[in-house]
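See below for the structure under consideration.
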Amino acid sequence: MGRQHTRSGFTLLEVLFAALILGFGLTTILVSMSQSQRMMISSTYLETAQEVMDLGDMAYPLSDVQDPDSDLDVPETKATELWDKIAGKNARLTREQEEKFHSYTWKREALNRNDSEEDIKRLGNLYTVRITVRWGDRRRGNGEEESYVTFWRKPE
């Protein structure tokens, strides 16, 4: 009677193939986690940018503008200064809010300011206005910005 050989365990090739599949799966999971973390951080920045846009709109409402030459453009202003303008000097930001708004600025500018009076009248006295929020360290090339465009009609 001959002996039967029973195979127990895995061959080296099977082990290497299983390790390769496991490594590919783990790499995919780690890359996905890294991308998710970046998206969460980015959404936090954009959420804060939206808050700063709202602060700017409350501090300098377009409805208060009477003269486009003097009221429409607002120079780049720190978010903490916008807060002070809205809430007054007595209502201070918390330390967390100051850290959150630290590098954020808000700006409003008329894009068609240099158009002739006739062109503005032809457009129905409409001015194109861009509101821009910036954050990050622009000197190091890490600056980001978000903006939107709206319209303002000059009162007649």
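The values are calculated or read from the model by the stated rules, or taken from the named source; none is laboratory data. Being a predicted model, the structure only gives us computed values, none of them experimental. Please note: Cβ atoms are built from the backbone with ideal geometry, for glycine as well, and neighbour counts cover all protein chains shown.
Quick look at the numbers
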read-out	value
Top-ranked residue of segment 70-79 - restricted to ones that are surrounded by fewer than 16 Cβ atoms within 10 Å (Cβ to Cβ) and either of a type in the set (A, V, I, L, M, F, W, C) or free of Cβ contacts under 8 Å to residues at least 24 places away in the same chain (or both), ranked as nearest to LYS100 (Cα to Cα)	ASP71
Test: GLU14 is in a helix (DSSP H, G or I), at pLDDT below 95, surrounded by 11 or more Cβ atoms within 10 Å (Cβ to Cβ) and out of contact with any helix residue (DSSP H, G or I) (no Cβ under 6 Å at 6 or more places or on another chain)	no
Residue match in segment 99-118 (condition: in contact (Cβ under 8 Å) with a residue 60 or more places away in the chain and touching a strand residue (DSSP E or B) at 6+ places or on another chain (Cβ under 9 Å))	no
Number of the condition not met by GLU47 [criteria: (1) assigned to a loop (DSSP other than H, G, I, E, B); (2) surrounded by 10 or more Cβ atoms within 10 Å (Cβ to Cβ)]	(1)
Pair list, Cβ under 6 Å, 6 or more apart: segment 120-140 residue farther than 16 Å from PHE101 by Cβ, other residue crowded, with 18+ Cβ neighbours inside 10 Å and of a type in the set (Phe, Trp, Tyr)	TYR127/TRP152; VAL129/TRP152
Selection from segment 104-136 of residues that are of a type outside the set (Val, Ile, Thr), over 15 Å from ALA79 (Cα atoms), outside any strand (DSSP E or B) and out of contact with any Ser or Thr (no Cβ under 6 Å at 6 or more places or on another chain)	ARG113, ASN114, ASP115, SER116, GLU117, GLU118, ASP119, LYS121, ARG122, LEU123, GLY124, ASN125
Pair list, Cβ < 6 Å and 6+ apart or interchain, from segment 52-63 residues that are in contact (Cβ under 8 Å) with a residue 40 or more places away in the chain to residues that are of a type outside the set (D, E, K, R) and not in a helix (DSSP H, G or I)	VAL52/TYR104; VAL52/TRP106; VAL52/VAL133; MET53/VAL133; GLY56/TRP106; TYR60/VAL74; LEU62/TRP152
